[in-house]
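Here's the structure, in structure tokens; my notes come after.
Every number in this text was worked out from the coordinates using simple rules, so none of it is lab data. Model, not experiment: these values are computed from the prediction. Neighbour counts run over all protein chains shown; Cβ positions are idealised from the backbone, glycine included.
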Amino acid sequence: MSESLKNKSSKELEGSLKATKVISTALLVVVTLLISITIFGLIFKDNNSTFLPLLVVGISCSAILPLQFATMKKIKTELKSREKK
């Protein structure tokens, strides 16, 4: 991953960082909304057969977020190392 970051220009890295931030924010909002709706449904609705699979989907989609945050951190580190030079 770091080799591919070193091959990109600073402008490309800034674009990748911005896109990753937008995607991570959207994913975080959607996953939070999905999990909160499913928890509400599990507590207040009688038919839990719909809400249990949705909860599993929400939790599994949230597993992507740490990877996105790690990618953003690597891009920021690469941009900072280029500024020092």
Rounded to 10°, Cα long-axis angle of helix 51-61 versus longest principal axis of the chain: 10
Value of relative contact order over the chain, rounded to a whole percent, pairs C-alpha under 8 Å and six or more apart: 42
Helical mean residue ellipticity (222 nm; -39500 (n - 2.57) per DSSP H run of 4+; nearest 500) of the chain: -28500 deg cm²/dmol
Label point at residue 59 placed 7 Å out along Cα→Cβ; residues across the stretch 12-45 whose backbone nitrogen lies under 18 Å: 31-44
Set of aspartates and glutamates near residue 21 by C-alpha distance (under 17 Å), chain-local residues within fewer than 8 positions excluded: 12, 78
Choice from 18, 73, 45 showing the highest fluctuation, given a GNM over the chain with Cα pairs closer than 10 Å: 45
Cα-centred dipole magnitude for the chain, charges only on beta-carbon of K, R (+1) and D, E (-1), debye, nearest 20: 620
Residue 49 versus residue 70: modelled label distance in nm, points set 7 Å from Cα along the beta carbon direction: 3.9
Cα-based Rg of the chain normalised by 2.2 N^0.38 Å, two decimals: 1.52
Candidates 23, 59, 43: whichever shows maximal mean-square fluctuation once the chain is modelled as a Gaussian network with Cα springs under 10 Å: 43
Point-to-point label distance, residue 18-residue 42, nm (Cα→Cβ direction, 7 Å offset): 3.9
